[in-house]
Structures are given as C-alpha cells and as structure tokens.
1. In the stretch 16-60, what percent of the accessible surface is made up of carbon and sulfur (1.4 Å probe, ligands and nucleic acids excluded)?
2. How large is the accessible surface per residue of the stretch 16-60, computed with a 1.4 Å probe and reported in Å² as a whole number?
3. Once the Cα gyration tensor of the stretch 16-60 is found, what semi-axes does its equivalent ellipsoid get, as square roots of 5 times the eigenvalues, in whole Å, sorted largest first?
Amino acid sequence: MPKYYEDKEEDGRACGGVREDLRQCLLESPCVLQENKSPKQCLREGHCRSLQMTFFACKRSMVSVCGEFSASNLD
C-alpha cells in the first residue's frame, strides 16, 4: 500500500501524498544515495517512474476538472 495512506499530516496541496511518496522514493534511491546525484537528475534518468506517472496523472486530472468547470461557466 502506498505510504500516503499511512498516518501523515496533510500538506493541503493537490496530490500531496503522492508528491511526498515520490520525494521519498527519490531520496532513498541508489541514484541519490550511492551515486550522489541530485533527486532532480535521478528523476530525469527515470528513477521512481511509476510514482512520477501517478503524480503527473493526479495533477493532470486536477487541471481537467478545473478546465471543464471554467468552460461550463462561459455558456
């Protein structure tokens, strides 16, 4: 089960739990710990890809919902 379902403080941002899990995944990856690369560089190299895709899907769904809402207000 993803860590964001465990007892954690709410950060109030959209997709905050997935964001935190992605951050932890990168910080605990061999890329950061053993190769001493930055989390950003490791993300570009494809580490924690499944959490990255989940996070972007979550963010994209937030944009879709907002876009549909604002478009319906134009009528």
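1. Carbon with sulfur: 55 percent of the solvent-accessible area.
2. Working: 2820 Å² over 45 residues.
It amounts to 63 Å² per residue over the stretch 16-60.
3. Numbers: eigenvalues 74, 20, 10 Å².
The answer is 19, 10, 7 Å, longest axis first.
The values are calculated or read from the model by the stated rules, or taken from the named source; none is laboratory data. Small disclaimer: the values here were computed from a predicted structure and weren't measured. Just the protein is used for accessible areas: all its heavy atoms, side chains included, with ligands, DNA and RNA removed. Shrake-Rupley method; radii C 1.70, N 1.55, O 1.52, S 1.80 Å.
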